[in-house]
Structures are given as structure tokens and as C-alpha cells.
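The values are calculated or read from the model by the stated rules, or taken from the named source; none is laboratory data. Just so you know, these numbers come straight off a predicted model, no measurement behind them. With ideal geometry, Cβ positions are generated from the backbone for all residues, glycine too; neighbour counts draw on all protein chains shown. Side chains are part of the model used for accessible areas, which takes the heavy atoms of the whole protein and leaves out ligands, DNA and RNA. Shrake-Rupley method; radii C 1.70, N 1.55, O 1.52, S 1.80 Å.
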Amino acid sequence: MLLRVPDVLSPEVLARCRELIEHADWQDGKVTAGTQSEQVKNNRQLPENSEAACAARALIVDALGKSALFFSGSLPKKTFPPLFNRYDGDSNSFGSHVDNSVRTSITTGAWVRTDVSVTLFLSEPDEYDGGELVIEDTFGVQRVKLPAGDLILYPSSSIHRVEPVTRGSRLASFFWVESMIRSDDQRRLLFDMDLSIQTLRRQEGDSPAVVRLTGCYHNLLRMWSDV
Ligand code: NI
């Protein structure tokens, strides 16, 4: 499932994030790449423990905690501490790859199985040319370029790439979620059910049918979750 979550960052938090990272010390992005993705990765990243990354990360983690749609779409068990990347100049693209399946963060020392990949856009689409996140999966090829402050969730099993940025700079935060629900199909089903229950509840309140359906949601979550 591909899911766009709009307005995760308010304009004020987005501006603060940009202020923190824009003039920080960006380094070669190959440091977090696996052996295959290293061959095609040509961007820059903020060192994971740098002051700028830690301060901007705290803002993002706080915003994610307030997003019901992010929670419902990813059902996070563990979230990798958000990282930051930058595409511009000669470091402007990331060829086709699949994200490493298990990662460890130097910030937390914890292992995270990557079920869901996340890109949170920090530059407006008109600030750069190119830079689309292209995701290939059984649902076809999707080209994603979102307003600053929006994020996209997609299965970490997808082959994806970032097209060359030919003008301006593309700043983004990226990270992974180990979900309570390992299967993308099961997670999607729960997400659809959750949205439908919310709609029904708005229409008819907590009718007996809505209560039973809510019970089904939780009982499926109980049956499938791994926490
Ligand atoms: Ni990737």
C-alpha cells in the first residue's frame, strides 16, 4: 500500500526543521547504504548523531506522534530515528534499490525490521526539478513528489529510486517502521477497515453494528499483531 499523509508538519515546524538542517554539515550518503545500494547511491545525508539531525528529528518524532493517519497506516511497533537526505549539485540521485531489511540505529542501538519505508518531503515541489521518488511494485510504477510537510508510506520490499535533481535542492527526512503487522496485505486490510469504521461512526454514532465491527478490527489486530 502506498499512503500519502498530508500536513504532518505544520508550516512553523517545517520552517524550524529547514532552519536547523539547511546549513548543517552534509556528508556522503553512502555511509548508510548496503553493498548493492552503495553502487547507485549519490546523495548527501546528515550524520545520524549530529546536533542538527538530533534537533530536527525531535520535531519530526513529535509530529509523527500526533498523526492518526500515520499511525493507522503503519501501525508502528518500532520507528527508526528519522534521518535526513539532500539531493543537489553533483550528489543528486539514488538509483533503483530495495532498502536493507534490518537496520540498527546508532542512536538507539535497536534493530528495526523495515516493513514500511517513509519519505517526508521538506522542500516544496517548485524548489527543484526532478527528484521524484519512483516506486515499483505489483501495483505498477508510481512517481511521488509531494508538498513540503507531507509524507509517503510504501512497502520496504518495493524497488524504488530517486530521479536526478537537475535544479535546486531536494531536502527530505526518511526512515523505516517495523509494524505490529508484518504483512502489507493484512496492514492494508486493517487500514481500510479502520477508515470505514470511522466514517460509519460519524454517520450513525456507536450503533450496535459499528460496535461489532470495531470489535472485529481489534480482534483481527489481536490475531495478527506481533508486539
Ligand atoms: Ni531506499
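Under a 1.4 Å probe, what is the accessible area of region 184-224 per residue, stated in Å²? Could you put the intermediate results ahead of the total?
Numbers: 2810 Å² over 41 residues.
Using a 1.4 Å probe on heavy atoms only, each residue of region 184-224 averages 69 Å².
Can you give the calculated 222 nm mean residue ellipticity of the chain, where each DSSP H run of n ≥ 4 adds -39,500 (n - 2.57) and the sum is split over every residue, rounded to the nearest 500 deg cm²/dmol? Please report the intermediate quantities before stating the final value.
Values: 6 runs with 77 residues, N = 227.
So the calculated ellipticity at 222 nm is -10500 deg cm²/dmol.
Suppose each label sits 7 Å from its Cα in the direction of the beta carbon; what would the Q27-R167 distance come out to in nanometres?
3.3 nm
Within region 139-172, whose backbone N sits under 16 Å from a point 7 Å along Cα→Cβ of Q198?
Under 16 Å, as judged by backbone N against the label point of Q198, lie 151-153 of region 139-172.
Rule-of-thumb check for the chain: C-alpha Rg over 2.2 N^0.38 Å? Intermediate values should be presented prior to the final figure.
Working: Rg = 18.1 Å, N = 227, 2.2 N^0.38 = 17.3 Å.
My calculation over the Cα atoms of the chain gives 1.05.
Roll a 1.4 Å probe over the protein chains and send me the accessible area per residue for region 37-156 in Å². Walk me through the numbers on the way to the answer.
Values: 4730 Å² over 120 residues.
Per-residue accessible area for region 37-156 comes out at 39 Å².
Express the carbon and sulfur contribution to the solvent-accessible surface of the chain as a percent, rounded to the nearest whole number, probe 1.4 angstrom. Before the final figure, lay out the partial values.
Working: 5790 of 10910 Å².
Answer for the chain is 53 percent, counting heavy atoms of protein chains only.
Under a 5 Å amide H to amide H cut-off, with H placed in plane at 1.01 Å, what residues pair with Q27 once short-range neighbours are removed?
Q45, L46
In nm, what is the difference between 0.36 nm times the number of residues separating V40 and E19 and their Cα-Cα distance? Let's see the in-between values first.
Values: separation 21, 0.36 × 21 = 7.56 nm, distance 2.91 nm.
Gain on stretching V40 to E19: 4.7 nm.
Once the dipole of the chain is set up with Lys and Arg at +1 and Asp and Glu at -1 on Cβ about the Cα centre, which of Y87, V118, Q27 lies farthest towards its positive end?
The listed residue farthest towards the positive side: V118.
Go ahead and collect, in residue order, the members of region 150-169 whose backbone nitrogen is under 12 Å from a label point 7 Å along the Cα-Cβ direction of V98.
156-160
By per-residue mean of other Cβ atoms within 10 Å, what is the highest-first order of 131-141, 156-166?
Numbers: 131-141: 15.3, 156-166: 18.6.
Top to bottom by mean Cβ count within 10 Å: 156-166, 131-141.
Quick one: among G73, G109, G34, which has the greatest mean-square fluctuation in a GNM of the chain with alpha-carbon springs under 10 angstrom?
Result for the chain, Cα springs under 10 Å: G109 fluctuates most.
Under the rule a/c < 1.5 gives rounded, and otherwise a/b versus b/c splits prolate from oblate, where does region 184-224 land using the Cα gyration tensor?
Values: a/c = 4.28, a/b = 1.65, b/c = 2.60.
Oblate.
Using a simple charge model, +1 on the beta-carbon of Lys and Arg, -1 on the beta-carbon of Asp and Glu, nothing else, what dipole does the chain show about its Cα centre, in debye to the nearest 20? Intermediate values should be presented prior to the final figure.
Working: 25 positive and 31 negative charges, 129 e Å.
About 620 debye.
Where does helix 11-21 land angle-wise versus the long Cα axis of the chain, in degrees 0 to 90, nearest 10?
40 degrees
Tell me which trypsin sites (Lys or Arg not before Pro) from region 33-77 have a DSSP coil assignment and no more than 15 other beta carbons within 10 Å of their own. Don't jump to the answer; show the numbers that get you there.
Numbers: sites: K41, R44, R57, K66, K77; in loops: K66.
Those satisfying the criteria are K66.
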